[in-house]
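Derivation of every value follows stated rules applied to the coordinates shown; laboratory data play no part. This one's a predicted model, so the numbers in the text were calculated from it and none came from an experiment. Methodologically, a virtual Cβ is constructed for each residue, glycine included, from the backbone with ideal geometry; neighbour enumeration extends over all protein chains shown.
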Amino acid sequence: MLLKDQVVLLSGVGEGLGRDTALLFAREGADIAITARRADFIEPIAEEVRALGRKCLPMLCDVGNLEDCQRVTRDALAEYGHIDTLVNIAYKGAWPNITPLLDCAPDVSDWRDCFEVNVWGTLQMTRTVAPHMAERKSGRIIMINTMTAEKVYEGSEAYSGSKIALQRMTRSIAMELGPVGIRVNSMHPGFMWGPQVEKVMAQRAAENGTSVEEETAKVAEGAALRYIPPTEEYARVLLFFASALSDGVTGQSLHVNGGLYMQ
């Protein structure tokens with residue numbers, strides 16, 4: 001088992017990547033703490049983790065709220081005694097409500113939510129957990145970024161901008177925390193086949209008068225591997241970052257998208 005007796009805190013778990021990561025990490029021997037803003041997301045996942053023979057602590061949390069971040073960190077430490085890995089999954093996406101620059105409010109308030117969650121919320125959770133890891137001189141922090149940080153689309157200013165800011169900060173944090181044994185990396189997913197992408201494909205199909213299968217095929221045809229990787233495959237990349245397989249890796253941005261975009 002790659003994560004035997006380790007403790008992983010997954011921040012911002014949903015029904016796709018978050019669930020698959022929790023279950024994969026549990027199968028690899030980790031006890032799990034999971035957070036989300038809705039109990040109906042995390043309670044069933046917690047039961048699935050326990051069914052695999054591992055412990056799971058589900059907690060409600062808004063990463064934009066400092067007290068929430070402090071509480072879940074405190075509760076996870078009280079339950080398990082330590083945190084080996086933090087995976088920052090919580091995010092705010094632009095789609096389907098993209099607001100172009102010229103349509104934004106003059107104070108660009110339409111874009112601020114993306115930065116509040118993707119940058120400040122993520123860093124707030126990281127700042128809360130990192131001191132504990134520094135005391136132990138060991139830890140792994142994984143950021144979930146996006147290919148859109150590099151492959152920009154019209155109207156994606158808020159999402160792309162917030163994620164490229166997070167990428168640069170991730171590298172600086174890796175430099176700062178490396179001397180105390182903490183590795184900090186980010187995964188940049190492309191399309192992940194799961195509940196969220198299914199909704200996107202359904203929306204495109206409705207707009208274009210096509211089918212979900214046709215819209216999915218359009219995306220897959222642009223990828224070198226000719227398919228959209230499922231969320232389970234992305235979870236395996238997170239396992240790499242969380243395990244000793246990546247001991248020599250920090251400050252890196254790994255693009256995972258089936259060859260849809262190469263960086």
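Residues checked against (1) among the acidic types (Asp, Glu); (2) surrounded by 15 or more Cβ atoms within 10 Å (Cβ to Cβ); (3) at positive phi; (4) under 21 Å from the mean Cα position of the chain (by Cα):
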position: THR128; (1), (2), (3), (4): no, yes, no, yes
position: ALA149; (1), (2), (3), (4): no, yes, no, yes
position: SER156; (1), (2), (3), (4): no, yes, no, yes
position: ARG168; (1), (2), (3), (4): no, no, no, yes
position: PRO189; (1), (2), (3), (4): no, yes, no, yes
position: MET192; (1), (2), (3), (4): no, yes, no, yes
position: ASN208; (1), (2), (3), (4): no, no, no, no
position: LEU225; (1), (2), (3), (4): no, no, no, no
position: ALA235; (1), (2), (3), (4): no, yes, no, yes
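Looking only at the stretch 98-111, how many residues end up being surrounded by fewer than 16 Cβ atoms within 10 Å (Cβ to Cβ) and part of a helix (DSSP H, G or I)?
Adding up the residues that qualify gives 4.
From the list ARG236, ARG226, ARG204, which one is out of contact with any strand residue (DSSP E or B) (no Cβ under 7 Å at 6 or more places or on another chain) and touching a residue at least 40 places away in the same chain (Cβ under 8 Å)? Step through it out loud before you land on a result.
Details: ARG226 fails: touching a residue at least 40 places away in the same chain (Cβ under 8 Å); ARG204 fails: touching a residue at least 40 places away in the same chain (Cβ under 8 Å).
Exactly one residue qualifies, and that residue is ARG236.
Based on this model, can you work out whether GLY178 counts as of a type outside the set (S, T, N, Q), outside any loop (DSSP other than H, G, I, E, B) and exposed (fewer than 15 other Cβ atoms within 10 Å of the Cβ)?
So GLY178 passes the test.
When you scan the stretch 214-229, do you find a residue that is under 21 Å from ILE89 (Cβ atoms) and of a type outside the set (Gly, Ala, Ser), even just one?
yes
Just checking, how many residues over the stretch 114-170 are part of a loop (DSSP other than H, G, I, E, B) and either under 21 Å from PHE191 (Cβ atoms) or not small (Gly, Ala, Ser) (or both)?
10
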